[in-house]
Amino acid sequence: MENIQAGTSDIESIVRSDDLANLVVTFKSGQRAFLGAEKLRLACKCAHCLRARIDGRFPEAFPGIAIVDLGQMGYGLNIAFSDGHTRGIYPLGYIVALLEP
């Protein structure tokens, strides 16, 4: 993947891939970037996931996880995963930051 030098105002669209394994971020420049479902799930900062990390109960991996729904929040996305987790809200700036290698 090419280095992404973009901000939230450069995003044209964010959708799920057909196989539900990635978010596809399309920028106004036409450049597309992919964010894997597992990377997103591991990066969740909701209170439930933060507590699980503190308690040492947060998994190290989510093999086979899928993105089952996207909810628009204006400033970001609420992402629902195939493990039943629906609490994560990902601000657009955080999504762009996660695109960096």
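Every number here is computed from the coordinates shown, using simple stated rules; none is lab data. Worth saying up front: this structure is predicted, and the values here are computed from it rather than measured. Glycine also receives a Cβ, built like all others from the backbone with ideal geometry; neighbour counts cover every protein chain displayed.
Tabulated values for the structure
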quantity: Kirkwood-Stokes translational diffusion coefficient of the stretch 49-95, alpha-carbon pairs, 37 °C, 0.692 mPa s, µm²/s; calculated: 279
quantity: Extension gain from CYS46 to ASP10, taking 0.36 nm per residue of separation minus the Cα-Cα distance; calculated: 10.4 nm
quantity: Top of ILE67, ILE89, ILE54 by mean-square fluctuation, Gaussian network on the chain, Cα under 10 Å; calculated: ILE54
quantity: Orphan Cys of the chain, criterion: no other Cys C-beta under 4.7 Å; calculated: CYS46
quantity: The chain: calculated mean residue ellipticity at 222 nm from DSSP helix runs of at least 4, using -39500 (n - 2.57); calculated: -5000 deg cm²/dmol
quantity: Loop-located GluC sites (Glu not before Pro) in the stretch 1-85 whose Cβ has at most 10 other Cβ within 10 Å (DSSP); calculated: GLU2, GLU60
quantity: Taking the stretch 26-101 and dividing mean pair separation by its residue count, relative contact order in percent (alpha carbons under 8 Å, at least six apart); calculated: 27
quantity: Rg in Å to one decimal, and Dmax rounded to a whole Å, for the chain via C-alpha atoms; calculated: 13.4, 43
